[in-house]
Amino acid sequence: MTDVLVLMEGIEKSFPGVHALSQCQFELRAGEVHALVGENGAGKSTLMKILAGVYSKDAGRIFYRGREVDIPNPRAAQLLGISMIHQELNLMPHLTVAQNIFIGREPRQRIPFVLDDKRINEQTRALLDRLHLKLDPRTKVADLTVAKQQMVEIAKALSFNSEVLIMDEPTAALTEAEIAELFRIIRQLRENGVGIVYISHRLDELKQISDRVTVMRDGRYIDTVETAQTTADQIIKMMVGRTIYEVMPELRDEPYSETVLRVSNLNRGRTLKNVSFELKRGEILGFAGLMGAGRTEVARAIFGADPVDSMDMWVMGRKVQISSPADAVAHGIGYLSEDRKRYGLTLSMDVEDNVVLGSMKRFLNALGIIKRSDTRVTVEEYVKSLAIRTPSIHQQVKNLSGGNQQKVVIAKWLTANTDILIFDEPTRGIDVGAKSEIYKLLNELARNGKSIIMISSELPEILRMSHRIIVMCEGRITGELTAAEATQEKIMRLATQREDTTTSPTEPVYA
Amino acid sequence: MAVDITTSVPQKSSLAGSLLRGNAAQRILAFAALIILFVVFSLASPNFLQFNNIIGILLATAVNGVLALGVTFVITTGGIDLSIGTVMSFSAVMTAVFITFWGLPTPVGILGGILTGAVAGFLNGLVIAKLRIPPFIATLGVMYVAKGLALIISGLRPIYFNDAPDFRPVAMGSVIGAIVPGLEIPNAVLILFGAAAIAGFILNRTVLGRYTFALGSNEEATRLSGVNVDRWKIAIYTLCGLFSGLGGVLMAARLNSAQPALGQGYELDAIAAVVIGGTSLAGGEGTILGTIIGAFVMSVLVNGLRILSVPQEWQTVVTGAIIIVAVYIDIIRRRR
């Protein structure tokens, strides 16, 4: 089983102002799962989009089964047997599963242009049966979970009888159980001789699923290695060109004495039940839990973004009433959403405008005109102190990498004189190298007296950053751990402590 | 924690929830609004339910309804067509040119008028798909072009069809009345329903309809699926133009003249009918039945208010309010 399906060599690609790929190579064999890793902007997606006909290469050669091929558009790739599942799912939510799978090649009836939906439903059912997926072909895609939408994408790709399947970050939005299901399908495909390219940030997954790993960095090919004979650390080293892991949280030497935020009796329908906690000055308080445990809901309640049934809240010892985000901001609370692009930034505006957007009032003169000299000084200070990598403060934010966008959001809240920062998944979509920079920044903010609530689904991140950890399950706080006593196992146990087991905590149902 | 995600979890939904989801809901709401209007107006005035008045309502809906049918396709793709009103009057003028000036046989002139609309729609599609100009701007441009051409070609004056006595009956004659004496339903009404049936078939059963929804739902995904997006977009705008052409013919036949300055504003009435009928301006959702109901809501409203002697200015105010309410209901529904 060492048939080489795809060979790419000397691939070059430039976008206006960026040399995205230079002399890249890649080899895919039949029946292997080949992981493609690298930091954001390393060129993984770009390289694969060239293979899938989304982009055209500037130079280089592509061989498919030993024959040189030209792939000018997605259709040409599909005809060769190359399908790509894009990071942002490419489905039509208003159409049904079957309509999505057969888009562009609908079976017709004998009259021209008239559709035969009965046939596509039957064919789709056969296809889904082959994958052991219990889905109704007539369900609208909008009504499916993200995981099932992903399965639809896979079914669609396979309906082309694809021999090459490229998956760009397929697990980014999936839960553990869903990932297991995805892996089952990937293994099934591998046995059938399909070559799979697996682009991912999650190194632990590569160990489970991949046979070989190709590492890219800054638009260049670094190396291809056998997964079984390589450690995660080695891969990380190749990705970032340096070692980055420091493990324990940076605890403060002096005690955490000053309570900056106290929340008690927070209730909201069935999503939040009697949530109470305190946040100290200079503390990083981790919120751990499974998806849907209610962590984001707590953050949004504190921030005044969602209505609640009841909540008592004290900031700096003073009782406060928060009924809108504006109230929260006035009390020095900032919320950094996990979806930065939607809720944190105005992407088409530049760095300067984004940073001062929330505190415009401070920069107005008597006539209500923005004092540009003042904003420039402030923003440039933050660009320096937070090490935001941008050609200038006038760069549009959409052109920055995920890590630098996150820093812009942080600068925005710091400009607004925020003392309590709530980070919701602070490193989601941020590559490994930039992650450690964000971590450093969080530590620095805490050292300088800011108080931080950090919601994270990644246990290593929680363990590495948190001074104290609160674990939630089904809308309740099920436990609190100090940095010293916390382990992955303890957190998981608390995170799965369902309501009916709380009376006998010594015997958790889920061990 | 063995969770088998392959087993379908039944969707939680209450009856009210399912009624409020999907565009079936909007259709029901628009239909309910139509019935309420009927009941209120017939209670308020004995004249409302008169046979002649109902015929008047049907006839008044014909042109706006036909225009709305075409623009339903465009709006379902997430686009907009502002040119349909003036393309309608341009098509009417061209029909008059073919029949009155050139003396072509009436059927040929009608076909020419419809094709004039299709050509204008094709132009819209070409500008949008190939020059990548947003639909709002592209069709705004074509709106002015069509308006200007209609005025130039007609010499700023109405053109009458006095030499073609077989033209007016196309809209105002009654095939049904000839078969069933007394049931004088004008042909224009039959044409509206015929056009609606064809539009419904195209939208729901053909490739063109499928891509109309696909484009409105996720254009980029449609492109990446290997669909020639540009070509189908042009086809959809051409179809919309074709309906405008048909609207022009109906308008001209009804007035027995081509009025070059009449069309502007009709596009907004048609778009309003589509929106009241539950087609989403965001694209991806749309129904022909909804559009027809929407068109009737508008004409029943105008007719009823007129019968109640509400001044025309106030009719317009009420229509505007209805549009806002309809869209607001749509937004609430979407939030769920």
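Worth pointing out:
- Largest GNM mean-square fluctuation among B:SER83, B:SER174, B:SER309, using chain B with Cα springs under 10 Å: B:SER309.
- Compared with the dominant principal axis of the Cα atoms in chain A, helix A:146-159 is inclined by about 10°.
- For region A:112-237, a crude dipole built from +1 on the beta carbon of Lys and Arg and -1 on the beta carbon of Asp and Glu, taken about the Cα centre, is about 220 debye to the nearest 20.
- In Hz, Karplus ³J(HN,Hα) per residue of region A:433-449 (6.51, -1.76, 1.60; θ = phi - 60°; x = Gly, Pro): x, 5, 4, 5, 5, 4, 4, 4, 5, 4, 4, 5, 4, 5, 4, 7, x
- Normalised contact order of region A:350-459, rounded percent, pairs of Cα under 8 Å and 6 or more residues apart: 28
- Three principal axis lengths of region B:266-336 [C-alpha, angstrom, descending]: 39, 22, 17
- Length released on extending from A:GLU88 to A:LYS237, taking residue separation times 0.36 nm less the Cα-Cα span: 50.9 nm
- Label-point gap, in nm, between B:ASN52 and B:PHE136 - each point 7 angstrom along Cα→Cβ: 4.6
- Cα convex hull of region A:4-240 - mean projected area over all directions, nm²: 13.5
- Sparsely packed loop sites in region A:132-174 (the trypsin sites (Lys or Arg not before Pro) outside DSSP H, G, I, E and B with at most 15 other Cβ atoms within 10 Å) comprise A:LYS134, A:ARG138.
- Per-residue shielding of A:175-182, expressed as the average number of other chain Cβ atoms within 10 Å of the residue Cβ, stands at 3.
- For region A:89-108, backbone nitrogen atoms closer than 19 Å to the point 7 Å from B:PHE201 Cα along Cα-to-C-beta are found at A:108.
- Simple Cβ-charge dipole of chain B, Lys/Arg +1 and Asp/Glu -1, about Cα centre, in debye nearest 20: 540
- With both residues required to sit in the protein assembly as shown, DSSP beta bridges show an antiparallel share near 60%.
- Projecting the Cα atoms of B:LEU156, B:VAL93, B:LEU224 onto the charge dipole of chain B, computed from C-beta unit charges around the Cα centre, puts B:LEU224 farthest toward the positive end.
- Linear extension gain, A:SER373 paired with A:GLU254, 0.36 nm per residue minus alpha-carbon span: 38.9 nm
- Distance histogram in 5 Å bins (all Cα pairs of region A:375-455, percent per bin): 3, 14, 28, 27, 18, 9, 1
- Among the listed pairs A:LYS398/A:LYS490; A:LYS398/A:LYS435; A:LYS207/A:LYS412; A:LYS134/B:LYS233, those whose Cα-Cα separation exceeds 29 Å are A:LYS398/A:LYS490; A:LYS207/A:LYS412; A:LYS134/B:LYS233.
- Restricting the calculation to alpha carbons of region A:165-236 gives Rg and Dmax of 12.5, 34 angstrom.
- Radius ratio Rg over Rh of region A:325-433, counting only Cα atoms, Kirkwood formula for Rh: 0.95
- Per residue, the average separation of C-alpha pairs within less than 8 Å and at least 6 apart gives chain A a relative contact order of 15 percent.
- FRET efficiency, 1/(1 + (r/R0)^6) with R0 30 Å, evaluated for B:LEU268 and B:VAL40 via beta carbons: 0.75
- Exposed-loop-free span, longest in chain A, where GluC sites (Glu not before Pro) count as exposed if DSSP calls them loop and at most 12 other C-beta atoms lie within 10 Å: A:247-484
- Between helix B:288-307 and chain B: long-axis angle, C-alpha atoms, 0 to 90°, nearest 10: 60
- Across region B:65-181, the volume of the C-alpha convex hull divided among the residues equals 116 Å³ per residue.
- Note on region B:154-268: Kirkwood hydrodynamic radius from all Cα pairs is 16.8 Å, rounded to one decimal.
- Exposed chymotrypsin sites (Phe, Trp or Tyr not before Pro) absent: longest stretch of chain A, with sites in DSSP loops and at most 16 other Cβ within 10 Å deemed exposed: A:246-509
- Charge dipole (region A:4-240, unit charges on Cβ, about Cα centre) - positive-most of A:GLN25, A:PRO93, A:TYR198: A:PRO93
- The charge dipole of region A:4-240, taken about the Cα centre with unit charges on the Cβ atoms of Lys, Arg (+1) and Asp, Glu (-1), comes to about 700 debye, rounded to the nearest 20.
- When the inverse distances between all different Cα atoms of region A:145-300 are averaged and flipped, the Kirkwood radius reads 19.7 angstrom.
- Dipole of the protein assembly as shown, positive end: most advanced residue of B:LEU203, A:ILE477, B:ALA62 [Cβ charges, Cα centre]: B:ALA62
- Square roots of 5 times each gyration tensor eigenvalue, C-alpha, chain A, largest first, Å: 42, 28, 24
- D (Stokes-Einstein, µm²/s), Kirkwood Cα radius, region A:412-451, 0.890 mPa s at 25 °C: 225
- For A:ARG268, net neighbour charge (Lys/Arg +1, Asp/Glu -1) across residues whose Cβ lies under 14 Å away: 0
- Share of pairwise Cα-Cα distances greater than 20 Å in region A:287-381 is 53 percent (whole percent).
- Relative to the longest principal axis of the Cα atoms of chain A, helix A:372-385 runs at roughly 70 degrees.
- Sorted by Cβ neighbour density within 10 Å, fewest at the top, the residues A:CYS24, B:CYS240: A:CYS24, B:CYS240
- Cα-based shape type of region B:218-336, given that a ≥ b ≥ c are square roots of the gyration tensor eigenvalues and the cut on a/c is 1.5: oblate
- Three-way shape label, chain B, alpha-carbon gyration tensor, a/c 1.5: oblate
- The value of relative contact order for region B:23-335, using C-alpha pairs under 8 Å at least six residues apart, is 35 percent.
- Listed values for region A:399-407 are Karplus-derived 3J(HN,Hα) couplings in whole Hz (6.51 cos²θ - 1.76 cosθ + 1.60, θ = phi - 60°), namely 8, 8, 6, x, x, 6, 5, 4, 5, and x replaces Gly and Pro.
Every number here is computed from the coordinates shown, using simple stated rules; none is lab data. As the structure is a prediction and not an experimental result, all values here were calculated from the model. Here Cβ is always computed from backbone atoms with ideal geometry, including for glycine, and neighbour counts include all displayed protein chains.
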